[in-house]
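Worksheet for the structure shown next.
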Amino acid sequence: MVDTISVTVQVDLDGEYARIVATGCLTGAGQWALHPLIRRARVLPRGIHVIVGLRGAHHVEPAGVDLLRRAVAQDGAVGLVLPDPLPAHQLTPVDHTPVVPGGPAGPVRRARTAA
């Protein structure tokens, strides 16, 4: 099986939200493909909120989610929309991933952190 990720970037006309929708496989190695897209979306109109949607991914590796979380935790204006249910795995104790309540991405589930 080839682990590929397909990405679509959607920007609303008002410039408030940019949504990066990923489908396919999110792996530890493949999640790096999202980083330049997130950076480019962040330089769109000032104050834009970037949402990375992973609900359409048919295979999500725990390492991919953890690495992506760590990368976006550095930027408070990036939210993750995770598949529900998220694959069972232990997250790192520090999880500062912002979530977007409602909004154009729909309901968002905050991930559990290890105690």
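All of the numbers you see were taken from the coordinates with simple rules; none came from a lab. Source: prediction; values computed, not measured. Here the Cβ positions follow ideal geometry from the backbone for every residue, glycine too, while neighbour counts run over all protein chains shown.
Annotations
- Three-way shape label, region 1-73, alpha-carbon gyration tensor, a/c 1.5: prolate
- Length added when fully stretched, Asp14-Arg39, from 0.36 nm per residue minus Cα-Cα: 7.1 nm
- Region 30-74 - charge dipole about Cα centre, Lys and Arg +1 at Cβ, Asp and Glu -1, debye rounded to 20: 260 debye
- Distance (nanometres) between label positions extended 7 Å along Cα→Cβ at Arg70 and Val7: 1.9 nm
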